[in-house]
Amino acid sequence: MRLAKYCVCSTAHLPAEERRAFDSLIAQAPRRAGRLIVDHDVLSIEAHQYGFAVHLGFFDDNPDRPEQVSVTLWALLTRAKSCGADWLSFDRDEPPMADLPVYPEDEEGEGITPPKIVLCGQCRSEDLICDAAARWDKGAQGWVVEAVFEEAWCDTCGDTHRLEVSGTGVPDGQEAGHA
Ligand SMILES: [Zn+2]
């Protein structure tokens, strides 16, 4: 076994736009053998429940700031590296440090990516079920959903209509009736 050191830093020290870029990178990351593969050009990133961790081994190949790493992020990574850390973990629950700038959520970020809600078009219940295809993943030792089929049915009223709405509850889609 080998001891690896973590620096933990509040996500508030990353500009809002950059936080969103990482969130979207993680949201779009594919899975391989059940594990999330975050595809960043330079950084090795492990997503976790409260944010993500960046492996500092990339300094070996990048003594100077690569263009894919912002000046702000580079400063944070350099600071963690100078503390002797192997990882810098950005954690939204970590209190910000007093001597580093904090970037509040900007207007664009307010209510960003509201969760998509799928409702029954008949009774507006969210208790919907649909058919899906799953593939056995030996690495993950479980079934991994590969495709979700369009048609859903409502477990509350038994109807097979559904209505997609945005996070505001205002319908933005057509009722997807079944044949
Ligand atoms: Zn219903």
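The values are calculated or read from the model by the stated rules, or taken from the named source; none is laboratory data. Predicted model only: the values in this text are computed from it and were never measured. We place every Cβ from the backbone using ideal geometry, glycine too, and count neighbours over all the protein chains shown.
A compact table of results
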{"quantity": "Residue in segment 40-51 that is assigned to a helix (DSSP H, G or I) and either in the same structural domain as Ser10 (by TED's automatic domain parsing) or not hydrophobic (A, V, I, L, M, F, W, C) (or both) present", "calculated": "no"}
{"quantity": "Only one of Arg79, Arg92, Arg31, Arg19 that is over 13 Å from the mean Cα position of the chain (by Cα) and basic (Lys, Arg)", "calculated": "Arg79"}
{"quantity": "Selection status of Cys130, in contact with an Asp or Glu (Cβ under 7 Å, 6 or more places away or on another chain) and either at pLDDT below 80 or under 27 Å from Leu36 (Cα atoms) (or both)", "calculated": "yes"}
{"quantity": "Asp99 within 16 Å of the ligand (Cβ to nearest atom) and either under 30 Å from Leu43 (Cα atoms) or modelled with pLDDT of 80 or more (or both)", "calculated": "no"}
{"quantity": "Residues of segment 133-156 satisfying the condition of being touching a Cys at 6+ places or on another chain (Cβ under 9 Å), at pLDDT below 85 and surrounded by 13 or more Cβ atoms within 10 Å (Cβ to Cβ)", "calculated": "Glu151, Ala152, Trp153"}
